[in-house]
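Engineer: The structure under discussion is supplied below as structure tokens; questions concerning it will follow.
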Amino acid sequence: RVPVVDVQSDNFTELWPSMVLALRTATFVAVDTPGSMELPQAFLAVPCERFPCIALCTLSLQSENTYLCQIYNLTLLCTEDYIVEPQSVQFLVQHGFDFNKQYSQGIPYHKGNDKGNENQSQSVRTFFLELIRAKKPLILHNGLIDLAFLYQCFYAHLPDSLGTFTADLSEMFPAGIYDTKYASEFETRFVASYLEYAYKKCKRENCKLKDSSNQHVTVEFCSYPANMSRYIDYRHCSLQEENHNVEGGNKVPLCDKFSAYGWCPKGVTCPHSHNIDLIIDEDDRLWEEKRKKRKHKWKRRKNTEEPAKAIGQESSGKEMELAQNGEEGPPRKQSCYEPASATELAEGTPSSEGRSLEENSMDMEPEASSDTKKEKKTHGPPSQGGTHRAGFDAFMTGYIMAYIWMLKKGKNTDTGTGPWLPDCHNKLYLSGKSVPLQIVKSLFSKSSKAHRQKMELAWASG
């Protein structure tokens, strides 16, 4: 069971010390803001905003690959007028969000710049400054909108320029920003990368490593006192959902759109299955079949080309590599194959040198492009995914990163002085793009005035 601590206006002050301590002692911090917001045209236009809560999950490394995990779900209430979409409200209600609690116990916040000296009080804005002062790696999933929300609502007005925005972010989070959607596609190369799929896939693979006595991720939770039980929500987290075998026995066909994207326009009325466990089962079966076919094809080609192997050795070596590994770039999900645009992939397949056997096995079967998995974070139509909740989404994001970091570093415990996870450092996933958004301060962009003032104030009062 995963404990999520609900933070509201009536217990915010009480929980403040433990939340700040969790930030300062964390190895990295995962954040989730379930919603969408309107960004300047220079950012990429998306619909209107509705952010009823923000969740963060701190993971503190206790020993090799063992983390102490603390999850806080902050219910928020904007003090200014805002717009919501009917579909957004419907989604939240179907996933258990309590609007009565939001309006009666939500923690108040306002958007844009500070109003006077707010850094001396215990507020959400001050708590965000504590996150910046902690200088920990920040983990998000499909995180551009999350970052825009955090900046706009708890920091300052959004800059008009995307270059200024990324310049500010690079200074706000010097330990780096990491996107698990990008990592799921371009590092572990999963055939789908929406949050629940990536989490359950990581959990399955991690259990396999544990069963084979290989290094694996272990997560531990705090033992909370009885007087906190009234605002702790426990999320049952089994390896597979209870209805997994039931649906499998009934042979309910899978929804191709949900399988690839993590959402379906028909929502709960869809006659096909949205069961993530069955989707992963089917993907694993197809992957194994194609792996065997490729292996057989490669062996047959090798035997055929054996007499002439001295001719064109360099080029044939490249062909043999492609025969084994498939095309370059992130995987392609065959159920949503788009022949024209989906082949515009990343420029190169990452080298498999130094990776664990588990990750090398994932590299052998690329099946879906970034174009085919335009994930509707948690702001789309009802998903029928069984685990979505703001606090738990933050936990899933943190778990994915812990697993990927374990794979990348292998048995090397010396992380050095460079970036925490170099291949994913300051790279944000962009839907439909084969390259990420880089969080850097370029020679042609400057930090915003509001950001410079805020940083001076943060460190002066810290």
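Engineer: In bins 10 Å wide, starting from 0, what share of all Cα pairs of the stretch 117-173 does each bin hold, as a percent?
Structural biologist: Answer for the stretch 117-173: a P(r) of 21, 56, 22, 1 percent.
Engineer: Over the stretch 90-215, what per residue volume does the convex hull of the Cα atoms give, in whole Å³?
Structural biologist: 188
Engineer: Show the residues, 5+ positions off or on another chain, whose built amide H is closer than 5 Å to the amide H of SER273.
Structural biologist: LEU254, CYS255
Engineer: If you don't mind, there's one more thing I want to ask. Taking the Cα-to-Cβ direction at THR218 and at ARG291 and moving 7 Å from each Cα, how far apart do the two end points lie in nm?
Structural biologist: 2.7
Engineer: Another question, then. Under 20 Å from a label point 7 Å along Cα→Cβ of PHE99: give me every residue in the stretch 1-25 with its amide N that close.
Structural biologist: Under 20 Å, as judged by backbone N against the label point of PHE99, lie 9 of the stretch 1-25.
Engineer: Moving on. For each pair in LYS201/LYS409; LYS208/LYS299; LYS136/LYS454, compute the distance between the two Cα atoms and list the pairs where it is over 26 Å.
Structural biologist: Over 26 Å Cα-Cα: LYS208/LYS299.
Engineer: Let me ask something else about it. Can you tell me the FRET efficiency between ASN119 and ARG204 if r is taken as the Cβ-Cβ distance and R0 is 51 Å, rounded to the nearest 0.05?
Structural biologist: Here the calculated transfer efficiency is 0.70.
Engineer: Given labels modelled 7 Å from the Cα in the Cβ direction, how far is it in nm from LEU21 to TYR234?
Structural biologist: Placing both labels 7 Å along Cα→Cβ, they lie 2.3 nm apart.
Engineer: Which entries of LYS200/LYS446; LYS135/LYS181; LYS257/LYS302; LYS111/LYS181 show an alpha-carbon separation above 29 angstrom in the structure shown?
Structural biologist: Cα-Cα > 29 Å for LYS200/LYS446; LYS257/LYS302; rest within.
Engineer: What percent of all Cα-Cα pairs in the stretch 185-225 falls in each 5 Å bin, counting up from 0?
Structural biologist: That works out to 5, 20, 21, 19, 17, 10, 5, 2, 0, in percent per bin.
Here, each number is a calculation from the coordinates, and none is a lab measurement. A quick note: this is a predicted structure, and the numbers were derived from the prediction, not measured. All Cβ positions, even for glycine, are placed from backbone atoms using ideal geometry, and neighbour counts span all protein chains on display.
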